[in-house]
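Read-outs: derived from the displayed coordinates by stated rules, not from any lab. Keep in mind the model is a prediction, meaning the values are calculated, not measured. Glycine also receives a Cβ, built like all others from the backbone with ideal geometry; neighbour counts cover every protein chain displayed.
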Amino acid sequence: MAAAPTKSLATAKALPVVKTASYNNIISSQNFSGFWSLAELPLLESFIGKVKDEDKSDEMVTLLFLEILRVKFTGLKKEWRLIETKSLKWLKKNHKESLDELKQKVKAYNII
């Protein structure tokens, strides 16, 4: 007796891809321009937990990923140093206000 037909690939719903918390995923998810976008929020939250609604911006996501690199991947700094430089240039160009307030918010997440 023949098995019941299964859904074809064309009709099956695609499951969302959730990246796991890893160094390579952080590095590969950076935008070419030097920032991490809100689309990377699930990856970010796999490292630090829930991000407050008022902190959901490309600037904050970028600063939080940079802090993760500084704290959790210090030993790999030679590898991510240029990524940090590119991100900081993007932040200075695209965030007109002072970054000091955002940096204080990053510290409140107490990334260890």
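With the cut-off at 25 Å, tell me which of the pairs Lys50/Lys72; Lys52/Lys103; Lys72/Lys93; Lys50/Lys103; Lys56/Lys107 have Cα atoms farther apart than that. Can you show the working numbers first?
Values: Lys50/Lys72 18 Å; Lys52/Lys103 15 Å; Lys72/Lys93 27 Å; Lys50/Lys103 18 Å; Lys56/Lys107 15 Å.
The pairs that break the limit, which is 25 Å between Cα atoms, are Lys72/Lys93.
What FRET efficiency would be calculated for the residue pair Ser33, Asn110, taking the C-beta separation as r and a Förster radius of 25 Å, to the nearest 0.05?
On the way: r = 29 Å, r/R0 = 1.14.
The calculated FRET efficiency here is 0.30.
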